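Student: The structure under discussion is supplied below as structure tokens; questions concerning it will follow.
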Amino acid sequence: MESRKNRLAKLDSHYAIPVLMELVEQAEQSARTVKQYDLADSMLRYMDRYLNQVQEIKDLLTHVHVAFNCSAAGSLKVARSTVGQNASSNVLAWEDNFSYGPIFRIHNHESYLERQNWLSGHIVGERFPFVSLEHQMLHIMKQLNGIPDHLRIYLWSGNNAHEQVSLRLALYALRGKLNDVHIVNVSQIYTEIDHHFDTEPLSLNQVPLEALQEMLKEIASLPPIDEQTKNMLIKEWEILSETTGTLRTWEDGKIVDLEENAFDEAILQTIRMLQKENQEQGGDGFVKAHILLGRLFERKLCDSFQYLEYRIWHLIDSGLLEHKGLPTNYSMYSVRLRDM
């Protein structure tokens, strides 16, 4: 029979592996002391019950959902529970945004660390959140590779650079596996369901809960992708992973590399327009950063506040903009064009 330690080592981190490993160590050590045998026996019996319960849960699984944003994964979990899929499915998610930052060979540990260093140097302070191990990309890639072959896998994406890059990277992690893999393009399936929602979503994060519930029912009949499609997308990741750019977008069904400063002129134009409006109303021309970012987001230049804010601060550092207020949060500072 497989040892308790081996069974625990195979569990996902959200089952509190470190705590349980320590519990087993203490219990087994106590078992060697006659006076503590009853306590040790009780602890090990509890451990066996816990492991058996976990295995029963896993035995009920028929499919796994994969999202590329933790917030979107949370919405997916809620929708899944409302349509009775809690016992039959699991949700995995990594927290990152591959529309910006280097992606050169990030399926390798060293290159992934180089990406993190780039992000720390450009998307700084509170503007770059800490990502726990459970949601780091490399950790999720290992989990994907360890999914039992009989489980169906649903990869959720939309018509945006981050999720399309992530989709290809996830398939790279799944290369060689025998699972049926289904691609759920929310931008596409949204137009196929009987909906009454305002705008077509470009990402899973933008899908309303009611639409997610309908999608979960709809994808039951979604066929898996064929080997040719799978291999094509894996090859596309291998090509992408050799690029050295730090900004990309989704245009005409393709991932397109952009220059790092591609949005700078649009940012300056938007500030110029908002600054004029402010001055016409008797203001000093300073534009609140959160209003500027909201206007830029409406233009669908980029799907990341963090990257746009990074470029705003680059323009400040370059002397093209001046600011006032506290730079710790975009609701607490304003910018305007610097008089030349």
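To keep it simple, each residue is scored yes or no on (1) under 20 Å from Ala67 (Cβ atoms); (2) more than 22 Å from the chain's Cα centre (by Cα).
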{"position": "Val184", "(1), (2)": "yes, no"}
{"position": "Asn205", "(1), (2)": "yes, no"}
{"position": "Asp226", "(1), (2)": "no, yes"}
{"position": "Leu233", "(1), (2)": "yes, no"}
{"position": "Leu247", "(1), (2)": "no, no"}
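For (1) assigned by TED's automatic domain parsing to the domain that holds Glu134; (2) in contact with a Gly (Cβ under 9 Å, 6 or more places away or on another chain); (3) at pLDDT 65 or above; (4) on the phi > 0 side of the Ramachandran plot, each residue gets a yes or a no:
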{"residue": "Ala16", "(1), (2), (3), (4)": "no, no, no, yes"}
{"residue": "Leu20", "(1), (2), (3), (4)": "no, no, yes, no"}
{"residue": "Tyr37", "(1), (2), (3), (4)": "no, no, no, no"}
{"residue": "Val83", "(1), (2), (3), (4)": "yes, no, yes, no"}
{"residue": "Tyr100", "(1), (2), (3), (4)": "yes, no, yes, no"}
{"residue": "Tyr112", "(1), (2), (3), (4)": "yes, no, yes, no"}
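Student: Restricting attention to region 207-221, report how many residues are in contact with a helix residue (DSSP H, G or I) (Cβ under 8 Å, 6 or more places away or on another chain) and either in a loop (DSSP other than H, G, I, E, B) or of a type outside the set (Gly, Ala, Ser) (or both).
Tutor: Here the count works out to 8.
Student: Right, something else. Does region 269-289 hold any residues that are touching a residue at least 12 places away in the same chain (Cβ under 8 Å) and loosely packed, with under 15 Cβ neighbours inside 10 Å, and which are they?
Tutor: Arg272, Asp284
Student: I need the full set of residues from region 133-159 which are under 20 Å from Ser71 (Cβ atoms), out of contact with any helix residue (DSSP H, G or I) (no Cβ under 6 Å at 6 or more places or on another chain) and either not in a helix (DSSP H, G or I) or not polar (S, T, N, Q) (or both), in order please.
Tutor: Result: Gln136, Met137, Ile140, Tyr154.
Student: Run down Glu251, Glu236 and say which single residue is of a type outside the set (Gly, Ala, Ser), surrounded by 14 or more Cβ atoms within 10 Å (Cβ to Cβ) and in the same structural domain as Gly158 (by TED's automatic domain parsing).
Tutor: Residue meeting the stated conditions: Glu236.
Student: Could we say that Arg248 is in a strand (DSSP E or B) and either under 19 Å from Ser157 (Cβ atoms) or at pLDDT 95 or above (or both) here?
Tutor: Yes.
Student: Still on this structure: Going by what's in this entry, would Leu155 be described as surrounded by fewer than 17 Cβ atoms within 10 Å (Cβ to Cβ) and among the hydrophobic types (A, V, I, L, M, F, W, C)?
Tutor: In short, no.
Student: With respect to the numbered conditions (1) at pLDDT 95 or above; (2) in contact with an Asp or Glu (Cβ under 7 Å, 6 or more places away or on another chain), which one is the sole condition not fulfilled by Val181?
Tutor: With respect to (1) at pLDDT 95 or above; (2) in contact with an Asp or Glu (Cβ under 7 Å, 6 or more places away or on another chain), Val181 is out only on (2).
Student: Name the residues in region 160-184 that are surrounded by fewer than 22 Cβ atoms within 10 Å (Cβ to Cβ), out of contact with any strand residue (DSSP E or B) (no Cβ under 6 Å at 6 or more places or on another chain) and either in a strand (DSSP E or B) or not small (Gly, Ala, Ser) (or both), would you?
Tutor: Those that are surrounded by fewer than 22 Cβ atoms within 10 Å (Cβ to Cβ), out of contact with any strand residue (DSSP E or B) (no Cβ under 6 Å at 6 or more places or on another chain) and either in a strand (DSSP E or B) or not small (Gly, Ala, Ser) (or both): Tyr172, Leu174, Arg175, Lys177, Leu178.
Student: Also: Which is loosely packed, with under 13 Cβ neighbours inside 10 Å, over 20 Å from the mean Cα position of the chain (by Cα) and either hydrophobic (A, V, I, L, M, F, W, C) or in a helix (DSSP H, G or I) (or both), of Glu265, Glu259?
Tutor: One residue alone meets the criteria, Glu265.
Student: Select from region 298-328 the residues that are assigned to a loop (DSSP other than H, G, I, E, B) and either of a type in the set (A, V, I, L, M) or under 22 Å from the mean Cα position of the chain (by Cα) (or both) and list them in ascending order.
Tutor: If the condition is that a residue be assigned to a loop (DSSP other than H, G, I, E, B) and either of a type in the set (A, V, I, L, M) or under 22 Å from the mean Cα position of the chain (by Cα) (or both), then Lys300, Leu301, Cys302, Asp303, Ser304, Leu320, Leu326 are the ones that fit.
Student: Which residue pairs have Cβ atoms closer than 9 Å, lie 6 or more positions apart in sequence or on different chains, and pair a first residue in region 127-145 that is farther than 17 Å from Ser166 by Cβ with a second residue that is among the small types (Gly, Ala, Ser) and at pLDDT below 90?
Tutor: Taking only residues 6 or more apart or on different chains, the pairs are Phe128/Ser120; Ser132/Ser13; Leu133/Ser13.
Student: Give the residues of region 308-328 that are among the β-branched types (Val, Ile, Thr) and touching a residue at least 40 places away in the same chain (Cβ under 8 Å), sorted by residue number.
Tutor: Scanning region 308-328 gives Ile312, Thr328.
The values are calculated or read from the model by the stated rules, or taken from the named source; none is laboratory data. Model, not experiment: these values are computed from the prediction. Virtual Cβ from ideal backbone geometry, glycine too; neighbours counted across all protein chains shown.
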